[in-house]
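The structure under discussion appears below in the form of structure tokens.
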Amino acid sequence: MYLATIILLIVLITETILILGYSYVTQQAYRWYIKATNDKRIIKQQKLKRDLLTLKSDLSQTSSQDEFAKWAKMRRKLDKGMADLEKLNSDIAFAKAAFELRAKSVLWFFVHGTRTIIAFWYTRRAAFYLPKSWFGPAEWFLWMPMAPKGAVSVAIWVSACRQVIKQTVNIARDFILPEKKVEATT
């Protein structure tokens, strides 16, 4: 039963990733990564945004006709800051895209690779044994492809776990988000 429980947990995790979607999971991972690493670019971006907002506020309070020299100096500083912010934003966006590409690759391998590895590694092992004659002549199907007779193979157990999780999610969605039926008025 230990192997069956481990497989159930792995399938639960992989199906959760598939249900949530790679994009959502990678976005959350990126947020955690940024918080954990305290990226200097993000800190610099936030500081630059604050400085530019205060500069814009000061610029709007300065008269361009009465204090032209001061206004022009502030305007040049604002334009330079905006250019720096745009460059910083593009650098951060590039780093985020690279992170998400790597994270999606790792997730894809985790989701699809673990199932394949488990199926090949435990091909001849039983996930668990069934009591004799529970399923009668259909019992041979459960031990396919190569598990011992009278057992449930790992491949069948993985498939069964996936289907149960998918159907449970579908039923939960139907109860939580029921479809609105539109009545035809004729």
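Under the condition of being among the hydroxyl-bearing types (Ser, Thr, Tyr) and within 21 Å of Val25 (Cβ to Cβ), the residues counted in segment 90-136 number 3.
Under the condition of being among the small types (Gly, Ala, Ser) and under 25 Å from Thr16 (Cα atoms), which residue from segment 95-125 is surrounded by the most Cβ atoms within 10 Å (Cβ to Cβ)? It would help to see each step written out before you state the result.
Going residue by residue through segment 95-125, those that are among the small types (Gly, Ala, Ser) are 95, 97-98, 103, 105, 113, 119.
This time we only want the ones that are under 25 Å from Thr16 (Cα atoms), so: 97-98, 103, 105, 113, 119.
On the way: Ala97: 11, Ala98: 10, Ala103: 19, Ser105: 12, Gly113: 12, Ala119: 17.
Only one residue tops the list, namely Ala103.
In segment 12-67, the qualifying residues are those that are part of a helix (DSSP H, G or I) and of a type in the set (Asp, Glu), and the one that is nearest to Asp84 (Cα to Cα) is Asp51.
When you look at Ile19, is it under 30 Å from Leu142 (Cβ atoms), touching a helix residue (DSSP H, G or I) at 6+ places or on another chain (Cβ under 7 Å) and loosely packed, with under 14 Cβ neighbours inside 10 Å, yes or no? Yes.
Give Ala29, Ala95 a once-over and let me know the one that is farther than 30 Å from Tyr122 by Cα and either among the polar types (S, T, N, Q) or touching a Leu at 6+ places or on another chain (Cβ under 9 Å) (or both). Working first, answer last.
On the way: Ala95 fails: either among the polar types (S, T, N, Q) or touching a Leu at 6+ places or on another chain (Cβ under 9 Å) (or both).
Only one candidate passes the filter, namely Ala29.
Checking the structure you have, find out if any residue of segment 131-139 is within 20 Å of Val11 (Cβ to Cβ), at pLDDT below 90 and surrounded by 11 or more Cβ atoms within 10 Å (Cβ to Cβ). No, every residue in segment 131-139 fails to be within 20 Å of Val11 (Cβ to Cβ), at pLDDT below 90 and surrounded by 11 or more Cβ atoms within 10 Å (Cβ to Cβ).
Run down Leu9, Leu52, Leu18, Leu3 and say which single residue is without any contact (Cβ under 8 Å) to a residue 60 or more places away in the chain, under 30 Å from Ile165 (Cα atoms) and of a type in the set (A, V, I, L, M).
So the residue among Leu9, Leu52, Leu18, Leu3 that is without any contact (Cβ under 8 Å) to a residue 60 or more places away in the chain, under 30 Å from Ile165 (Cα atoms) and of a type in the set (A, V, I, L, M) is Leu9.
Identification of helices (runs of 4 or more DSSP H) wholly contained in segment 76-186 with 3 or more residues that are polar (S, T, N, Q), on the phi < 0 side of the Ramachandran plot and under 27 Å from the mean Cα position of the chain (by Cα) yields 154-176.
The values are calculated or read from the model by the stated rules, or taken from the named source; none is laboratory data. It should be emphasised that the depicted structure is a prediction, and the values quoted were computed from it without experimental measurement. Glycine also receives a Cβ, built like all others from the backbone with ideal geometry; neighbour counts cover every protein chain displayed.
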